[in-house]
Amino acid sequence: MDIQKSSEDVVTVDVHAAKHLLISGHQYLDVRTIEEFNKSHVENALNVPYMFITLEGRVKNPEFLNQVVSVCKKEDQLVVGCNSGGRSLRACVDLLNAGFMNVSNMGGGYSAWVDEGLAGDKPADELKTSCKFRP
């Protein structure tokens, strides 16, 4: 019997640790919406939205796992990020339960990445999204 993973099973790293992991060969999986991703993102990131914004509110992407499997192997080393860390934490739980072995949540998300000056020389308010998601 498989025991389901929960948020307590997810390894969360800060943005500096995430940057180190990316330099050492991990892939960045951005789970923000396409609109958020297109505004600005971590260099060489893959984008698979975890949620969509609809007229009814936020809706989980029903194809999330299938879409990730189409671009990543379950053995790949992934750093998962969103805007502030909530969606990426839930995405990591789903990925662990789907058999992905090497996933890390980037705590603070892309907002923290920008705040720490890791996004380059653009003004921070141009890089961040106005759409806030809460876990």
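Going by the conditions given, is residue 108 within 21 Å of residue 9 (Cβ to Cβ), buried (at least 17 other Cβ atoms within 10 Å of the Cβ) and out of contact with any strand residue (DSSP E or B) (no Cβ under 8 Å at 6 or more places or on another chain)?
Numbers: within 21 Å of residue 9 (Cβ to Cβ): yes; buried (at least 17 other Cβ atoms within 10 Å of the Cβ): yes; out of contact with any strand residue (DSSP E or B) (no Cβ under 8 Å at 6 or more places or on another chain): yes.
So residue 108 fits the description; yes.
Sort out which residues of the range 10-54 are touching a residue at least 24 places away in the same chain (Cβ under 8 Å) and in a strand (DSSP E or B), and write them in order of number.
11, 12, 13, 27, 28, 29, 30, 46, 51, 53
For the range 78-98, what are the residues that are charged (D, E, K, R) and crowded, with 24+ Cβ neighbours inside 10 Å? Show your work before the answer.
Applying the first criterion (charged (D, E, K, R)) to the range 78-98 yields 87, 90, 94.
The one that is charged (D, E, K, R) and crowded, with 24+ Cβ neighbours inside 10 Å: 87.
Under 6 Å between Cβ atoms, which residue pairs at least 6 apart in sequence (or on different chains) link something in the range 57-84 that is modelled with pLDDT under 95 with a partner that is buried (at least 17 other Cβ atoms within 10 Å of the Cβ) and assigned to a strand (DSSP E or B)?
58/51
The values are calculated or read from the model by the stated rules, or taken from the named source; none is laboratory data. Quick caveat: nothing in here was measured; it's all calculated off a predicted structure. In this analysis, Cβ positions are derived from the backbone assuming ideal geometry, glycine residues included, and neighbour counts consider all displayed protein chains.
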